[in-house]
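Working notes, beginning with the structure itself.
The values are calculated or read from the model by the stated rules, or taken from the named source; none is laboratory data. The shown structure was predicted, so the numbers you read here are calculated from the model rather than taken from an experiment. Note that we place each Cβ from the backbone using ideal geometry, even for glycine, and neighbour counts take in every protein chain shown. Protein only, heavy atoms only, side chains kept; ligands, DNA and RNA dropped before computing areas. Shrake-Rupley method; radii C 1.70, N 1.55, O 1.52, S 1.80 Å.
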Amino acid sequence: MSGLDAGFFLVEDDNTPLHVASVIVFEGPPPSYGDLVRKIVSKLPQVPRYRQRVRALPLHLGRPVWTDDPHFQILYHVRHTAVPAPGTEEQLRNLAGRVLAQRLDRSKPLWEIWLVEGLEGGRWALIGKVHHCMVDGVAGMDLMTVIFDLSPETLEIETASWEPEPEPSELALVLDGVRQNLAGPVRGLTALPGLVGSLRDGRQVRDFAGGLTRSVARFVRPSASSLNGPIGPHRRWHWVQGDLDEIKTIRRAVGGTVNDIVLAAVTRGFRDLLDGRGELTPGAVVRTAVPVSLRTSDEKGELTNRVAPVFVNLPCGEEDPLLRLHLIRKQMDDLKRSHQEVGSTTLTRLTDAAVAPALLTLATRTPMRLHNPVVQTITTNVPGPQFPLYVLGRKALELHPYVPITGGMRVATAIFSYLGRLNFGITGDFDAMPDLEVLAKGIHAGFDELAGKAEQARQRRAR
């Protein structure tokens, strides 16, 4: 495991299950459970990690390692359930919220797929869970293109035999862990000059230093503290959708990137949330981590985490939606121009250079146990396929993402685009976020108000 992957594995506890997930709704009729099982078995040779489990070393003398599961049983990982027909969207969300709140069994390969029948209109769904130590959002999308088909044509399913590789002994794992402890810091530290060298000239170095100063200044601004605090084992989960063409129309009319507009809509959601709690002030901000993919084209398809965060203040206290968008765009442009991802990449490399997993465990778990008053939420936006995906000839109609919450952050938002739609999956702590639906409706209202401003701008240009 890389240092980042190991961190995701080691920090998990009963109150912080750390899997990423999705709920995919398909056109009907649903396939049989047996057909789905055979379909997934036929795909497993392309994703060997799905037959591997995590082995932790004694006393954390080395990082956890992946080994073939000698007792792998596909029927344990592919499960079958239903909602009372005709099942509504709310019933599916409630079922998914309960499934997604449960930790994955750490003695098995860290994934599950649930077949859900009974949805209205003859539709059905898959709930997929994969531990964050296996994939990040981008790698997860690469897996999706393996598990799913690109056409409705159903081919004859062939299942190849599989034999697990012999498990290494405890002694072999410990010796390998000691070797990695000695070699890891050297590899990590020797990579740092190359990262610093990505700032090619003095101007870029000055831009980076100035951007770092401005980033630190953003951290000292007071933020909405009610979104931080202890979290329990249960989750609320909601979703909302936006039209990608409409967002592109907004971008052409008022400027900014698609991601800037997405963050502006999320800002409106938090504005409504704080207003409903009586906590909205003119200067209120919600500080969000925005994961940035560090994955290169050469690393496409690798099952590992290659992400690092940058941080943005969402200006919830600002009443004007266009000014909110401008303030977000200004921060995002500054982060890009000043190459702040280099700092995040450096921290990731230093994680890989951790002297011992025991120290890595302490370094990852301690901040998660402490009250975090600095960062309130995570907003992660992953581009998905704009072409249809199929399973056993049935077209996927909607894909709703799920992102875990941790580190004292009681709410997080994942965004995934598919077939011209932006799908927002909003995760909240069950007890601390009873008003999660207010946030979801506010995000939708954020797009509506920006679309209205874009239409006004179009009419002004026409006149």
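Table for the structure above
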{"read-out": "Among (1) among the hydrophobic types (A, V, I, L, M, F, W, C); (2) under 21 Å from residue 229 (Cα atoms); (3) assigned to a helix (DSSP H, G or I) - the single one residue 450 does not satisfy", "value": "(2)"}
{"read-out": "Residue selected from the stretch 415-433 under the condition in contact (Cβ under 8 Å) with a residue 60 or more places away in the chain, touching an Asp or Glu at 6+ places or on another chain (Cβ under 8 Å) and open to solvent by less than 10 Å² (accessible area, probe 1.4 Å), by the criterion farthest from residue 19 (Cα to Cα)", "value": "422"}
{"read-out": "Filtered residues of the stretch 379-414 (kept if more than 30 Å from residue 154 (Cα to Cα), at pLDDT 90 or above and either of a type in the set (Ser, Thr, Tyr) or in contact with an Asp or Glu (Cβ under 6 Å, 6 or more places away or on another chain) (or both))", "value": "379, 380, 410, 413"}
{"read-out": "Hits in the stretch 146-155 - residues which are under 12 Å from residue 391 (Cβ atoms) and open to solvent by 80 Å² or more (accessible area, probe 1.4 Å)", "value": "150, 154"}
{"read-out": "In the stretch 25-56, residue farthest from residue 152 (Cα to Cα) [restricted to those that are open to solvent by 10 Å² or more (accessible area, probe 1.4 Å) and in a strand (DSSP E or B)]", "value": "55"}
{"read-out": "The one condition in (1) within 15 Å of residue 40 (Cβ to Cβ); (2) modelled with pLDDT of 90 or more; (3) open to solvent by 30 Å² or more (accessible area, probe 1.4 Å) that residue 158 fails to fulfil", "value": "(2)"}
{"read-out": "Within the stretch 242-257, considering residues that are touching a strand residue (DSSP E or B) at 6+ places or on another chain (Cβ under 8 Å) and assigned to a helix (DSSP H, G or I), the one nearest to residue 328 (Cα to Cα)", "value": "247"}
